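> Following this message is one structure expressed as structure tokens.
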Amino acid sequence: MDQTRMNAIIVDGGKGPPEALKWVDTDRPVPADGQLLIRVRAAGVNRPDLLQRRGLYPPPPGAPETLGLEAAGEAVNDAGRWRAGDRITALLGGGGYAEYAVVDARHALPLPAGLSFEDAAALPETVFTVFANVFEHGRLAAGETLLVHGANSGIGVTAIQMGKAAGARVVGTCRARRGPRL
Ligand SMILES: NC(=O)c1ccc[n+]([C@@H]2O[C@H](COP(=O)([O-])OP(=O)(O)OC[C@H]3O[C@@H](n4cnc5c(N)ncnc54)[C@H](OP(=O)(O)O)[C@@H]3O)[C@@H](O)[C@H]2O)c1
């Protein structure tokens, strides 16, 4: 097998409907110093991916064009605290919808025993966001009330679970009608 190639999901034409997503042969990313190459086993899907697919949320300069802001899999190389073969999940600048992705080794977390790659891949984006905003900045404490608007969103569902786990009283709101198809 060619170690310089991989398959990835690209947006055919740069933007488009779900049908524009294509599974193609492409270059495998090469990790720089301090970066981890991940053999991706599962990737999370977030609202920004849907917007990026539609051409409404371009990746920042230097980030991969390939979609995917979070993934779980095995470390391919040694980097930072990680050794090849470690099971990790990571927050990515992009590129998760692929067989291989690179990430700053500091942005990866170990998988607890018993957690599947699929479950782990859905954690970084929303858990890091809720942790930073609700717990680091908001300093939510047990017994306090957490109000979550857009409670049915990815962020909202995570905020509800983390708020309850922290012993807060959680109140959520959401609108009744279904949103547009993205
Ligand atoms: N996902 C992440 O990891 C992440 C990270 C950082 C920041 N954020 C930010 O967090 C926010 C939520 O992201 P998400 O990924 O959790 O989004 P999401 O799962 O796509 O959910 C979007 C939420 O917004 C609601 N909404 C959309 N338009 C609305 C309107 N006109 N009136 C009332 N409610 C409306 C939706 O309600 P319906 O279901 O009824 O349409 C849904 O509850 C976004 O601002 C995003 O940029 C997300």
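> Could you list all residues from segment 1-10 that are farther than 13 Å from Gly96 by Cα and surrounded by 11 or more Cβ atoms within 10 Å (Cβ to Cβ)?
Arg5
> Still on this structure, I have one more. Condition first: at pLDDT below 95, within 9 Å of the ligand (Cβ to nearest atom) and part of a helix (DSSP H, G or I). Can you find one or more residues in segment 168-178 that meet it?
No: zero hits.
> Shifting gears a bit: Could you check, for segment 80-90, whether at least one of its residues is farther than 19 Å from Pro110 by Cβ and in contact with a Leu (Cβ under 6 Å, 6 or more places away or on another chain)?
no
> Give the residue that is surrounded by the most Cβ atoms within 10 Å (Cβ to Cβ), with candidates limited to residues of segment 113-148 that are farther than 19 Å from Thr89 by Cα and more than 16 Å from the ligand (Cβ to nearest atom).
Applying the filter and picking the extreme gives Leu140.
> Residue pairs, Cβ under 7 Å, 6 or more apart or interchain, first in segment 143-162 and free of Cβ contacts under 8 Å to residues at least 40 places away in the same chain, second in a loop (DSSP other than H, G, I, E, B) and within 8 Å of the ligand (Cβ to nearest atom). List them.
That search, which allows pairs on different chains as well, returns Gly150/Cys174; Ala151/Cys174; Asn152/Cys174; Gly156/Gly150; Ile160/Ala151.
> Considering Ala75, Ala98, which residue is touching a Pro at 6+ places or on another chain (Cβ under 9 Å), away from the ligand (no atom under 12 Å from the Cβ), closer than 30 Å to Arg5 by Cβ and of a type in the set (A, V, I, L, M, F, W, C)?
Step by step, each of Ala75, Ala98 is checked, and only Ala98 is touching a Pro at 6+ places or on another chain (Cβ under 9 Å), away from the ligand (no atom under 12 Å from the Cβ), closer than 30 Å to Arg5 by Cβ and of a type in the set (A, V, I, L, M, F, W, C).
> Another question, then. Among the residues of segment 39-98, write down those that are closer than 19 Å to Asp119 by Cα and among the β-branched types (Val, Ile, Thr).
Within segment 39-98, Val40, Val45, Ile88, Thr89 qualify.
> Related question: If you go through segment 28-47 one residue at a time, do you hit one that is of a type outside the set (Phe, Trp, Tyr), surrounded by fewer than 16 Cβ atoms within 10 Å (Cβ to Cβ), touching a Leu at 6+ places or on another chain (Cβ under 8 Å) and over 16 Å from Val11 (Cβ atoms)?
yes
> Report, ordered by the first and then the second residue, all pairs with beta carbons closer than 6 Å, sequence separation of six or more or different chains, a first member in segment 98-126 that is closer than 20 Å to Gln35 by Cα, and a second member that is of a type in the set (Phe, Trp, Tyr).
Hits for this filter: Ala105/Trp82.
> Which of the residues that make up segment 88-100 are more than 12 Å from the chain's Cα centre (by Cα), buried (at least 20 other Cβ atoms within 10 Å of the Cβ) and over 18 Å from Pro48 (Cα atoms)?
Result: Ile88, Tyr100.
> Determine whether Ala151 is in a loop (DSSP other than H, G, I, E, B), more than 30 Å from Gln3 (Cβ to Cβ), within 16 Å of the ligand (Cβ to nearest atom) and more than 16 Å from the chain's Cα centre (by Cα).
Taking the combined requirement at face value, the residue satisfies it.
The values are calculated or read from the model by the stated rules, or taken from the named source; none is laboratory data. These figures come from a predicted structure and were not determined experimentally. With ideal geometry, Cβ positions are generated from the backbone for all residues, glycine too; neighbour counts draw on all protein chains shown.
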